[in-house]
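Enquirer: Take this structure first; my questions come after.
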Amino acid sequence: MDRFHEKDISGCGIIGIMEQSGKRFSGRDIITSIASMRERANGLGGGFAAYGIYPEFKRDWCFHMMFENKSAMVQTEEYIRDNYKIVKDEIIPTKEDKSIKYRPLLWRYFLQPKEEKKKLHYDITEEDFVAKTVIEINTRISGAFVASSGKNMGVFKGVGYPEDIGRFYRLEEYEAYIWTAHGRFPTNTVGWWGGAHPFGLLDWSVIHNGEISSYGINKRFLLNYGYVCAFFTDTEVITYLFDLLVRKHKLSFEVAADILTAPFWDDIERQSEEKREISQALRIIYGSALVNGPFSVIVANTNTMVGLNDRIKLRPLVAATSGNKLYIASEESAIREVCPTPDEVWMPKAGEPVIGRLKGKNG
Amino acid sequence: MAKRPTPTEFIIERDEGKCIACQVCVRMCSNDAHSYDPETDTVTSDSTKCVGCHFCETICPTGAIIIKRNPSEFKLNANWSAQVIRNITKQAETSGVLLTGMGCDKPYPVYWDHIVLNASQVTNPSIDPLREPMELRTYIGRKPDRIELTAHSPQSTEKNKIPSAMDYRLLTKLSPQLKLETPILFSAMSYGSISLNACISLARAAKEIGTFYNTGEGGLHKDLYEYGAHTIVQVASGRFGVHREYLEAGAAIEIKIGQGAKPGIGGHLPGEKVSEEISQTRMIPVGTDALSPAPHHDIYSIEDLKQLIFALKEATRYSKPVGVKISAVHNVAPIASGIVRAGADFVAIDGLRGGTGAAPTVIRDNVGIPIELAIAAVDNRLREEGIRNQASLIAAGGIRSSSDVIKAIALGADAVYIGTAALVAMGCNLCQRCYTGKCNWGIATQDPYLTKRLNPDIGTRRLVNLLRAWSLEIKEMLGGMGINAIESLRGNREQLRGVGLSDTDLKLLGIKPAGEAW
Amino acid sequence: MVKRIYIREEYCMGCRLCEVHCLVQHSKTKNIIKAYKGEYPKPIPRIIVEEKGYVSFALQCRHCEDAPCLEACITGAMYRDKKTGAVLCDEDKCIGCWMCIMVCPFGVISRNIEGKKIASKCDLCVGEEVPVCVKNCPNEAIVCEEEK
């Protein structure tokens, strides 16, 4: 089976924890929390995203790489060296775990694009240049996969139950201000390491529980804006949609949510005139970016963590706060496992985003 | 010289046991196929005059009449069919171009019938449209690449205060859009080719459903101005009936370059049909032929089209969408791309099976490509060029059912035009004799004896029923796929699979074969 | 409220199906084939389609408020049904003097001489929910509505 040409469909457990003050904390809690939702996974995929883990390299693009063989690594390094200065590279430290099998070679690189290459690509931003590299590696170099490519963040994922994956990557030794975790229950793909969640591109990470019925058009809508979906996964499409709307079109997460899970026309009719005008325009312009089908999703970037449900709430999502901490999860039990007495617990409404922001920053 | 009789196409069978000689058929047949003999008090029929419209069969109070195909057969020959022999005989008699009406009736593959839809099972709940919202609303018109809002200032994460779109001001000025409550419009059919009662039925139905009908190149009869908000006014090569009030009356303007039934040729409304009313509407003298040239003689290239598009936009002060209708030909994708770049707000594409009031049979049956392939090619091309959002795509030509509609949309159309289906709803049985002006159903005729047979109250009701039924079926199919807004299906070819199609067909349509998962 | 039959001549196509169905309704058997082919006296329709050129319309008794036929009837056969307001002819009482025909301003009462001589006129299809001419008009050119 061609792993790149299978669309991803899965049921899942998801959790995200954000310390909005920016204070970093260890990965122990997120492992404990996701372990409580073991029933929602089937051992075919688990993963984590962590923000703030490489403060000493926070200006460098960090690529978390998976290589299926040595030649993929050689090819990739050759390609990277052509375009980047490698500030540092090392094996991603892991711990033996009996339940984790057939692991690929895991390596990380801290990179700076070469000045001459930046000049050559004067017409695109540095972000776009990096994104291009990632897509190039993922689609052209067989056996190589970029798990994440942001600054001061990383994605740790693989085939197995998420808590085993977390221990395998020794996440309790890292400190981050945003942690997200995902336990996967795929219904169609044989689990492969790259296909586990989170999906990462630049500093975006996306974890997702659901099946996107609008996938076909979301993908083609993105094509109109130059995004080529290479992996046939829902997370990839959601990541690109956020990248387009938030990074390129400079819309807020709230507006992005109003596009991805647009209010119904009947509800729009009832809005105030001013708001109705905007809602109508959003649906008219971004109709093909409407994400249809059941999903709950947690999207994060350097400054923000957002939880979002589909427009008729067909998948679970619950949120809680405790001090500066924001929790978003598939199940309340997963939150209470690590935060027994939150200040507030609520069920976000369908299509209503829950947004955590770093204090003093704009998301 | 006596004409050699051509074998009749139909046989009128009259059950004498049932016939009560009430003469309803005699009074109703515009082709005089039935006659009454007072001496014997019997009604007899002349099958040679029958065109197969089935009006008499429908209206006979005792069901005494059955119209059948003539079972008389030539020696079986796969190459020289009865139709071929009949045509040659006719031309040998008349030396004329064979005329016909309606769309191509040749058995080209209908791709719709080789495409199947998806439905949700387990991993994705289906949605019941009778219990949950299911949205078909569609906007036709140019969409900008992105929205511009005033700079935002996100505030808190308190759950009670979710800043949303309301906290911004809209800077983007949207181009004019047509709002459709269901993604189906009535195709261009001119007053002239069809009766005023048929036009009124279409206009009223469009208004009631929340969609649009299209004037064709017939101008706008004074009685139709009140439906202007639901009218697309056409500007075609003859420019008949085009004047300021006409352009201002419509909700949108469509420049007609081509028609699926007769790509590359113009139109001809014979002088006999140009009555007082039609003369006034088309602005031509009574009894003169209305000849639409094959090309627009002010459009010999794409930049000329651009000038006309903007001339029309200027004339209407950029207040309404201006689109272009072309027939689907080999080069349809690059042509459509050029049209979008020339400033059209929508592109209507009429496929091989598109209908007509009158066209040379040889053109209708042999020129153009099927609409399915045209939609796929155009949608792909516009996306590859990153201009798909700049114009809406309306597909036309042989849309027969709600499933054709939904498949067209999934292939990439924004909406569809229906012409033939609308006529059938009003009574038409596709006898293909529209060009004779003797339509027994009162649709494709201007004869006052015949036009009154279409009561617009009934016509409207039947059209509204049809669109309601199709819309409900579309909602059911969408719900089955777990989708609750039509825009999530538009261009979503993942929801389609091909059955019995070649690899090339699948590639051109951009769909996977049935049996292949995501 | 009294229901009346209204004619929309712009949609009358002149097929005369109303006559056919009226005839059947007022036949003994109420079977269309028998009514035409087997009944004696031959039933006659109580509605007439008038035609000139392409203009045609169906006409039947208007059931006038101030009906001259009621005044003219010498036997009291012609009467008004109190419930429906319809003007009806009691065929048992009718002696076929045809005074009613003489005074009818619309000419919608006809002579029935197939059996016993009687006046024949529209009875709004007593017992039917909708008169059969209305029900069977293929183009809704005859409608039955509350009085306007």
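The values are calculated or read from the model by the stated rules, or taken from the named source; none is laboratory data. Not measured: the values here are computed from a predicted model. Positions of Cβ are generated from backbone atoms using ideal geometry, with glycine treated the same way; all protein chains shown enter the neighbour counts.
Enquirer: Quick one: how many residues across segment B:155-211 are more than 27 Å from B:Asn455 (Cβ to Cβ) and either part of a loop (DSSP other than H, G, I, E, B) or at pLDDT below 95 (or both)?
Expert: The number of residues fulfilling the criteria is 24.
Enquirer: Still on this model: Could you say whether any residue in segment A:78-99 is touching a residue at least 24 places away in the same chain (Cβ under 8 Å), surrounded by 21 or more Cβ atoms within 10 Å (Cβ to Cβ) and within 24 Å of A:Val159 (Cα to Cα)?
Expert: no
Enquirer: I've got another one for you. Do you know which residues across segment B:292-325 are touching a Pro at 6+ places or on another chain (Cβ under 8 Å) and buried (at least 19 other Cβ atoms within 10 Å of the Cβ)?
Expert: The answer is B:Lys320, B:Pro321.
Enquirer: Can you confirm whether C:Asp123 is more than 14 Å from chain B (Cβ to nearest Cβ), at pLDDT 90 or above and surrounded by fewer than 15 Cβ atoms within 10 Å (Cβ to Cβ)?
Expert: No: the conditions fail for C:Asp123.
Enquirer: Follow-up. Only one of A:Glu337, A:Glu269, A:Glu277, A:Glu273 is facing chain B (nearest Cβ under 8 Å), surrounded by fewer than 20 Cβ atoms within 10 Å (Cβ to Cβ) and among the charged types (D, E, K, R); which?
Expert: Residue meeting the stated conditions: A:Glu277.
Enquirer: For segment C:21-40, which positions are surrounded by 13 or more Cβ atoms within 10 Å (Cβ to Cβ) and either more than 10 Å from chain B (Cβ to nearest Cβ) or outside any helix (DSSP H, G or I) (or both)?
Expert: C:Cys22, C:Gln25, C:His26, C:Ser27, C:Asn31, C:Glu39
Enquirer: Further question: Inspect all residues belonging to segment B:400-407 and state whether any of them is over 24 Å from B:Glu476 (Cβ atoms) and surrounded by fewer than 24 Cβ atoms within 10 Å (Cβ to Cβ).
Expert: No, there is no match, as no residue in segment B:400-407 is over 24 Å from B:Glu476 (Cβ atoms) and surrounded by fewer than 24 Cβ atoms within 10 Å (Cβ to Cβ).
Enquirer: Let me ask you something else. Do you know which residues across segment B:489-504 are assigned to a helix (DSSP H, G or I) and within 14 Å of chain A (Cβ to nearest Cβ)?
Expert: Once the filter is applied, which keeps residues that are assigned to a helix (DSSP H, G or I) and within 14 Å of chain A (Cβ to nearest Cβ), segment B:489-504 yields B:Arg493, B:Glu494, B:Gln495.
Enquirer: Which of the numbered conditions does B:Gln83 fail, given that it passes all the others? Conditions: (1) assigned to a helix (DSSP H, G or I); (2) in contact (Cβ under 8 Å) with a residue 24 or more places away in the chain.
Expert: B:Gln83 satisfies every listed condition except (2).
Enquirer: Please determine whether any residue of segment B:15-26 is free of Cβ contacts under 8 Å to residues at least 24 places away in the same chain and touching an Asp or Glu at 6+ places or on another chain (Cβ under 8 Å).
Expert: Scanning segment B:15-26 turns up at least one residue that is free of Cβ contacts under 8 Å to residues at least 24 places away in the same chain and touching an Asp or Glu at 6+ places or on another chain (Cβ under 8 Å).
Enquirer: So, in segment B:434-456, of the ones that are of a type in the set (Ser, Thr, Tyr) and within 21 Å of B:Thr361 (Cβ to Cβ), which residue ends up farthest from the other protein chains (Cβ to nearest Cβ)?
Expert: The selected residue is B:Tyr435.
Enquirer: Further question: Just to be sure before I move on: is A:Leu326 out of contact with any strand residue (DSSP E or B) (no Cβ under 7 Å at 6 or more places or on another chain) and either among the hydroxyl-bearing types (Ser, Thr, Tyr) or at the interface with another protein chain (Cβ under 10 Å from one of its Cβ atoms) (or both) in the structure I sent?
Expert: Judged against the criteria, A:Leu326 is not a match.
Enquirer: Suppose we filter segment A:240-262 for residues that are of a type outside the set (Gly, Ala, Ser) and more than 9 Å from chain B (Cβ to nearest Cβ); how many remain?
Expert: Count: 8.
Enquirer: How about segment A:137-162: which of its residues are under 12 Å from A:Ala49 (Cα atoms) and part of a loop (DSSP other than H, G, I, E, B)?
Expert: A:Ser149, A:Gly150, A:Asn152
Enquirer: Residues that are of a type in the set (Val, Ile, Thr), at least 3 per element: which helices (runs of 4 or more DSSP H) completely within segment A:200-310 meet that?
Expert: In segment A:200-310, A:234-242, A:273-286 are the helices (runs of 4 or more DSSP H) which contain 3 or more residues that are of a type in the set (Val, Ile, Thr).
Enquirer: With the checklist (1) touching a helix residue (DSSP H, G or I) at 6+ places or on another chain (Cβ under 8 Å); (2) not in a helix (DSSP H, G or I) in hand, flag the one item C:Glu65 doesn't pass.
Expert: Here C:Glu65 clears every test but (1).
Enquirer: Take segment A:243-278 and flag every residue that is of a type in the set (S, T, N, Q) and modelled with pLDDT of 95 or more.
Expert: Correct list: A:Thr261 only.
Enquirer: Here's something else I'd like to know. May I ask you to say which residue of B:Lys306, B:Lys262, B:Lys273 is within 29 Å of B:Asn389 (Cβ to Cβ) and of a type outside the set (A, V, I, L, M)?
Expert: Going through B:Lys306, B:Lys262, B:Lys273 in turn, just one is within 29 Å of B:Asn389 (Cβ to Cβ) and of a type outside the set (A, V, I, L, M): B:Lys306.
Enquirer: If the requirement is being among the aliphatic types (A, V, I, L, M) and surrounded by 23 or more Cβ atoms within 10 Å (Cβ to Cβ), which of these qualifies: A:Leu290, A:Leu244?
Expert: A:Leu290 is the lone residue from the list that is among the aliphatic types (A, V, I, L, M) and surrounded by 23 or more Cβ atoms within 10 Å (Cβ to Cβ).
Enquirer: Between B:Ile140, B:Ile127, which is within 32 Å of the chain's Cα centre (by Cα), at pLDDT 95 or above and buried (at least 16 other Cβ atoms within 10 Å of the Cβ)?
Expert: Answer to the selection: B:Ile140.
Enquirer: Quick one: which of A:Met73, A:Met66, A:Met18, A:Met37 is touching a Pro at 6+ places or on another chain (Cβ under 6 Å) and either touching a residue at least 60 places away in the same chain (Cβ under 8 Å) or farther than 26 Å from A:Ser142 by Cα (or both)?
Expert: A:Met66
Enquirer: Here's something else I'd like to know. Which one of B:Ile474, B:Ile486, B:Ile511 is within 13 Å of chain A (Cβ to nearest Cβ), closer than 22 Å to B:Ser187 by Cβ and within 26 Å of the chain's Cα centre (by Cα)?
Expert: One residue alone meets the criteria, B:Ile486.
Enquirer: Among the residues in segment B:425-433, are any in contact (Cβ under 8 Å) with a residue 24 or more places away in the chain, within 14 Å of another protein chain (Cβ to nearest Cβ), surrounded by 23 or more Cβ atoms within 10 Å (Cβ to Cβ) and of a type outside the set (Val, Ile, Thr)?
Expert: Yes, because at least one residue in segment B:425-433 is in contact (Cβ under 8 Å) with a residue 24 or more places away in the chain, within 14 Å of another protein chain (Cβ to nearest Cβ), surrounded by 23 or more Cβ atoms within 10 Å (Cβ to Cβ) and of a type outside the set (Val, Ile, Thr).
Enquirer: If you don't mind, there's one more thing I want to ask. Within segment B:457-466, is there a residue that is more than 22 Å from C:Met13 (Cβ to Cβ), surrounded by fewer than 18 Cβ atoms within 10 Å (Cβ to Cβ), more than 14 Å from chain A (Cβ to nearest Cβ) and among the basic types (Lys, Arg)?
Expert: No, because not a single residue in segment B:457-466 is more than 22 Å from C:Met13 (Cβ to Cβ), surrounded by fewer than 18 Cβ atoms within 10 Å (Cβ to Cβ), more than 14 Å from chain A (Cβ to nearest Cβ) and among the basic types (Lys, Arg).
Enquirer: Specify the residue that is farthest from B:Lys256 (Cα to Cα); the eligible residues are those in segment B:393-422 that are touching a Gly at 6+ places or on another chain (Cβ under 8 Å) and in a loop (DSSP other than H, G, I, E, B).
Expert: The residue in question is B:Gly412.
Enquirer: Let me ask something additional. Considering only segment B:213-256, state which residues are acidic (Asp, Glu), surrounded by fewer than 17 Cβ atoms within 10 Å (Cβ to Cβ) and touching a residue at least 60 places away in the same chain (Cβ under 8 Å).
Expert: Matches in segment B:213-256: B:Glu248 only.
Enquirer: Restricting attention to segment A:287-319, which residues are in contact (Cβ under 8 Å) with a residue 40 or more places away in the chain, at the interface with chain B (Cβ under 8 Å from one of its Cβ atoms) and either in contact with an Asp or Glu (Cβ under 6 Å, 6 or more places away or on another chain) or within 23 Å of B:Ala391 (Cβ to Cβ) (or both)?
Expert: A:Ser288, A:Leu290, A:Gly293, A:Pro294 - these are the residues of segment A:287-319 that are in contact (Cβ under 8 Å) with a residue 40 or more places away in the chain, at the interface with chain B (Cβ under 8 Å from one of its Cβ atoms) and either in contact with an Asp or Glu (Cβ under 6 Å, 6 or more places away or on another chain) or within 23 Å of B:Ala391 (Cβ to Cβ) (or both).
Enquirer: Given the criteria among the small types (Gly, Ala, Ser) and either within 18 Å of the chain's Cα centre (by Cα) or more than 14 Å from every other protein chain (Cβ to nearest Cβ) (or both), does B:Ala294 qualify?
Expert: Criteria met by B:Ala294.
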